Amino acid sequence: MSKSSTIPAVRGFRDVLPEECAHWQRLEAAARDLFARYGFGEIRLPILERTELFARAVGETTDIVEKEMFSFRDRDKEETAVALRPEATASVVRAYLESGLVHRDRQARLFYAGPMFRRERPQRGRYRQFYQIGAEVLGRDDALADAELLVWLVRYFDQVGARGTRIELNSLGDAACRPAYRERLRQFGLAHLDALCGDCHRRLQRNPLRLLDCKVADCRAVIERAPVMRDSLCAACTAHFDEVRLLLDQERVPYVLNLRLVRGLDYYCRTAFEIVAEGEGLGAQNAIGGGGRYDGLVAMLGGPEVAGVGFALGLDRVAMATPAAKDAAPGPAALVLPLEPRAVAPALRLATQLRDEGLVVAVEPAGRSLKALLGVANRRRARLAVILGPDELAAGRATVRDLASSADRRQALDLGAPGAELARWVRAEVGAS
Ligand code: AMP
């Protein structure tokens, strides 16, 4: 029979193995704990949405919608294009409207965690399936809501030990002042047409703001000199931004102004921010999170005029910017070693009993020598080995070996109901509470 070839994962998709998962779980647990303190409830959203949700919310002319969505026709409903969600804010707003939260709990504070999908060029820190933890505050247009989110973020980074994070902050204006700025930017682009890439030529026609997030080096050099939104902010946007900054200063939230910061999604207005990790390891993909205000989005998705502000953290990248636990996970409290087939059933009974009591227990298959099994126990850094061999079965007593001292104890083992007494003893021995 010819050997089958292995089947690799799809390009840009990867597995997160237990050791890395343990790190991620700590990051997620810290986020959940902090969200609870800030009054956020969790929302679990579908991964598949109608493509038009993102086209409308994120913007037809954004890279995400133009180039990066995994969008396809549903086999049963050919007329419906569906997409793997590239981000979750649009879904949160859809759910807020569809579920009636907009009426029941207009100032909903929601958080989510889960995978997002973008067809970007894969590289270290950039995947086609990546994970985000995000939060949205609906129904609040006041600067306090923005400031609270930024305080949450610095507290979170402190708590998980993220090294060298920097918040970059800008205001993108609103429907009152942005059109005039867009026009200034368009004029600037037209004056520098020769130096801009083909994509930027298109952006200039359809959505000049997108010039600001072109990644082509030559374009970047031109855009460095482009007019900035700040000089066009209206009085209301200026006052809002000033208040956000005042609150951040009061709470000693460090940030830098980045007047050329725009976000890759059209729906943002006023406050926009990005969190950059300066530490080693992330390379070019050093944006670990971003967010901002999206006051027009709820109405854009068919709801009433309701404001909103939120952020998303890239969990893959936050994990890269935070230290994993130094100590490897502890080994099992006990490893149960049946030396012969007859010992398998009592071994399972004993293991189950110990596990029911809350201990971490592993049980090995029968059929290997005691020496081989003790080797396994050492490699797995078990505290105790519980040996069930022919002698033990005959005597109705298990041998319990302390693997640190190699001292053996014989412990009664009632084969009818093995484990109860032994479990108590093991528990006391490993000092579990
Ligand atoms: P965005 O809203 O696009 O700025 O995304 C928020 C955060 O998600 C970013 O700051 C990244 O940390 C993370 N992120 C976005 N795209 C990817 C990707 N392709 N791979 C890994 N992380 C990503």
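The values are calculated or read from the model by the stated rules, or taken from the named source; none is laboratory data. Quick caveat: nothing in here was measured; it's all calculated off a predicted structure. No Cβ is skipped: glycine too gets one built from the backbone with ideal geometry, and neighbour counts run over all protein chains shown. The area values use the complete protein model at the heavy-atom level, side chains included, leaving out ligands, DNA and RNA. Shrake-Rupley method; radii C 1.70, N 1.55, O 1.52, S 1.80 Å.
Pro341: net charge of surrounding residues, Cβ under 15 Å, Lys/Arg +1, Asp/Glu -1, itself excluded? Each step should come with its number before you reach the end.
Details: positive: Arg342, Arg349, Arg368; negative: Glu340, Glu364, Glu392.
After counting each charged neighbour, the total is 0.
Per-atom-type breakdown for the chain gives carbon and sulfur 51% of the accessible area (1.4 Å probe, protein chains only). A Cβ-based charge dipole, computed about the Cα centre of the chain with Lys and Arg at +1 and Asp and Glu at -1, lands at about 1040 debye. Sequentially through the stretch 259-266, phi angles give Karplus couplings (6.51, -1.76, 1.60; θ = phi - 60°) of 6, 9, 6, 10, 9, x, 10, 6 Hz, Gly and Pro residues having no value and appearing as x.
What number comes out for the charge environment of Ala362, summing +1 per Lys or Arg and -1 per Asp or Glu over other residues with Cβ under 13 Å away? Spell out each step's value before the answer.
Details: positive: Arg355, Arg379, Arg380, Arg381, Arg383; negative: Glu364.
Once positives and negatives cancel, what remains is +4.
Based on DSSP H runs of at least 4 residues, each adding -39500 (n - 2.57), what is the mean residue ellipticity at 222 nm of the chain after dividing by all its residues, to the nearest 500 deg cm²/dmol? Show your work: numbers first, answer last.
Numbers: 15 runs with 155 residues, N = 433.
Result for the chain, helices only: -10500 deg cm²/dmol.
Apply the a/c threshold of 1.5 to the C-alpha gyration tensor of the stretch 1-127 and tell me whether it is rounded, prolate or oblate. Oblate, because a/c is 1.5 or more while a/b does not exceed b/c.
Could you please report the charge total around Leu233, scoring K, R as +1 and D, E as -1 over all other residues with beta-carbon less than 12 angstrom from its beta-carbon?
Surrounding charge for Leu233 is 0.
Protection proxy ranking, highest mean first, for peptides 396-402, 233-239, 16-22, 296-302: 396-402, 296-302, 233-239, 16-22, where packing is the per-residue count of other beta-carbon atoms within 10 Å, averaged.
Scaling against 2.2 N^0.38 Å puts the C-alpha radius of gyration of the stretch 203-353 at 1.74.
Could you give the dipole magnitude of the stretch 334-428 about its Cα centre, charging the beta-carbon of Lys and Arg +1 and that of Asp and Glu -1, in debye to the nearest 20? Don't jump to the answer; show the numbers that get you there.
On the way: 15 positive and 10 negative charges, 68 e Å.
Result for the stretch 334-428 is approximately 320 debye, rounded to the nearest 20.
For Gln132, the residues whose amide H sits under 5 Å from its own are Gly114, Met116, Leu315, ignoring neighbours fewer than 5 places away on the same chain, with H placed 1.01 Å from N. Screening the chain for whole DSSP H helices of 15 Å or more along their axis (Cα) with average Kyte-Doolittle hydropathy at least -0.5 returns 143-160, 235-250, 344-356, 420-430.
Positive-end ranking of Val154, Ile7, Val309 along the dipole of the chain, with charges on Cβ about the Cα centre, is headed by Ile7.
Need the full-extension length gain, Glu340 to Arg37, defined as separation in residues times 0.36 nm minus the C-alpha distance. One decimal, nm. Present the calculation step by step, with values, prior to reporting the outcome.
On the way: separation 303, 0.36 × 303 = 109.08 nm, distance 5.33 nm.
Extra length from Glu340 to Arg37 when fully extended: 103.7 nm.
For the chain, how big is the tail of P(r) above 31 Å, as a whole percent of Cα pairs? I get 54 percent for the Cα pairs in the chain exceeding 31 Å. Between Val10 and Glu224, the contour length at 0.36 nm per residue exceeds the Cα-Cα span by 73.3 nm. In nm, what is the difference between 0.36 nm times the number of residues separating Arg121 and Asp231 and their Cα-Cα distance? In short, 36.1 nm is gained.
Take the Cα of Ser369, step 7 Å toward its Cβ, do the same at Glu357, and the gap between the two points is 3.2 nm. A 1.4 Å probe run over the chain, with the rest of the protein chains in place, finds 49 Å² accessible per residue.
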